[in-house]
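Quick note: the coordinates plus some simple rules give every number you see, no bench work behind them. Everything numeric here is computed off the predicted structure, so don't read it as measured data. Don't worry about glycine lacking a Cβ; one is built from the backbone with ideal geometry, like all the others, and counts go over all protein chains shown.
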Amino acid sequence: MSEQHRHGKREAAPSRPSLRDYWNQHRDWVAGLSRGQRVRYRLFQVLVAVCAVIIVLFLALRAWMRLPDIPNLPGGRDPDSSQGEGGLEFEGADLPEVAYSGQRDGVYTFLLVGQDTAGGGNTDTMILFTFDSVNKEIHAISLPRDTMINVGTRSKRLNAVYNNNKGRDPETQVENGMEALKREVSKLTGIYPNYYVMVQWEAIGELVEAIGGVWFEVPFDMDYDDPTPGQDLHIHLKAGYQKLSGEEAMQLVRWRKNNTGSSGGDVARIAIQQDFLKAAIDQCLKPEILLKAPSLVQIFMDNVDTDLSIGNILALAQRAAGVDTEKDVTFVTMPYAEAYYPGVSMVLPVVSELVEVLNDGLNPYEDAIQSSDLSVLYRNSDGSYGVTNGTLQDSSLARPQAVQPSEPDDTEEPEEPDETEEPDDQTGTGDSSQSQTGGQSGSQTGDGGQSGQPEDPDQGGEPVLPGGDDFGQTGGGDGAGETGGGSGSGETGGGAPSTDDPGFVDPVLPGDPSDLADIDP
């Protein structure tokens, strides 16, 4: 019999040390250290704690700072459907077929919009960006504000889409207006933007100040004053390479003409804005600016409307680090030809050239963009209009029209109507509600004081085109905001033109010089 059984009881197993025992042993060990050893030990403890905090913050930041997911495309393959996402109605709302081929991994598209609140809120700057985060490339195309689009509203300008669709509710105006604009952009380019960023010109100054200014080559002296209420615009910049402050940057991006009458109009303004954005991107990608990204992003978010989160923007900025702005950032302008509606200077895309531009870095999809993915207006030699791959929304445009462009003047664009009006009641860019027929010419004024055709040399000199006319367009001239020339309730007309009509122009190449042969200069 074992010793344990002889005594009639089991010996207790040795107990494990408790946390208190470990702590007492640790305290006794520290007490036995010399003064110098204790100092070094305390420093080690501080370093371990700091490292632990950094690791936790890093993991939390990585979880929060994530690349955006590519949003689902709005539904609607049904050609008879005109119902958009969120219950909004859009004419011809089908998306381009190429969008359904899938988007390449790591490629994102953004619609950057500059809104001129002093002029009624029109989106006078519209730039479509494609960011390839895998190959570290940024491509952008500017869409002229005077692009004529296939809509049934009186205003046919692209820059009026936002105002005409935003509705009355302030809580949903940005979402509604930008959704409508994104769909129109998809018809023009075949690309439905994933996200939008809308900035008001007043915010440009704060954003530029936040990054410490932007170095930029001002191409020529800019001197313009508009003291009228609502505008109070004063632009005074000297030509040359200089560091622009926030206020000076605001002046630069808003310039369209000088007090003397010399003007580059929208063409020159687009080119200047493109060059400035490239310089600003270069500044933002500098290491010292990227280190301040978290604080700068908050300033950015306070001054823009966007459907991106702060974490999305930080992740995209991190991916953009290392982009070479000289080689990997490109800007082009939509290739276009002049058009008149009726008598008002506007522009139409040149589809064959546009498709080539889109597939040279801008296309985010697996398949190539085809001309069949675009739904754009074209003009026949008899002055009538048709639309590629769609239905003409304003049947009056199908009627032949003898267009006589109005003479340019230097009056300012009238103040916009109340932006809380219903879309059907709004005139967007200042259209006249008067009825008109045939070749009646409406009066119009331009943002910055132009209308009709590009500036006549006899009326103030040659248009200023900084850097030459090499911005990707095949035609040009400044468009204008319109106060007349709408389709009006008194217009009537037939359907789309027949391809058997001798005046019909190949829709794949709208803007052919023969299109404009019957327009009096």
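Overview of values
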item: Candidate lysines for bridging to residue 166, where Cα separation is under 26 Å - those fewer than 8 sequence places away on the same chain excluded; result: 156, 182, 187
item: Estimated distance in nm for a label pair at residue 302 and residue 324, the labels positioned 7 Å out from Cα along Cα-to-Cβ; result: 3.7 nm
item: Fewest-first ranking of 286, 327, 278, 156, using other Cβ atoms within 10 Å as the exposure measure; result: 327, 286, 278, 156
item: Estimated distance in nm for a label pair at residue 360 and residue 43, the labels positioned 7 Å out from Cα along Cα-to-Cβ; result: 6.1 nm
item: Segment residue 352-residue 30, length gained on full extension (0.36 nm per residue, minus Cα span); result: 107.9 nm
item: Euclidean distance between Cα centres, segment 120-167 to segment 307-337, Å; result: 17 Å
item: Radius 14 Å from Cβ of residue 293, net charge of other residues (Lys, Arg +1; Asp, Glu -1); result: +2
item: Interchain or long-range residues, amide H under 5 Å from residue 337's placed H; result: 348, 350
item: Label point distance in nm, residue 67-residue 395, each placed 7 Å from Cα along Cα→Cβ; result: 4.9 nm
item: Stokes-Einstein D in µm²/s, Kirkwood radius over Cα pairs - segment 146-199 at 37 °C with 0.692 mPa s viscosity; result: 284 µm²/s
item: Inverse mean reciprocal Cα-Cα distance (Kirkwood Rh) of segment 108-176, Å; result: 13.5 Å
item: Segment 92-248, dipole about Cα centre (Lys/Arg Cβ +1, Asp/Glu Cβ -1), debye to the nearest 20; result: 660 debye
item: Exposure proxy order (Cβ contacts within 10 Å, fewest to most) of 379, 399; result: 399, 379
item: P(r), alpha carbons of segment 109-235 - 10 Å bins starting at zero, rounded %; result: 11, 35, 35, 17, 1
item: Residue order, fewest to most beta carbons within 10 Å, for 247, 338, 288; result: 288, 247, 338
item: At R0 = 45 Å, FRET efficiency that the Cβ-Cβ distance of residue 19 and residue 134 yields, to 0.05; result: 0.35
item: Relative packing of 213-223, 135-145, 17-27, which averages over residues the other C-beta atoms within 10 Å, highest first; result: 135-145, 213-223, 17-27
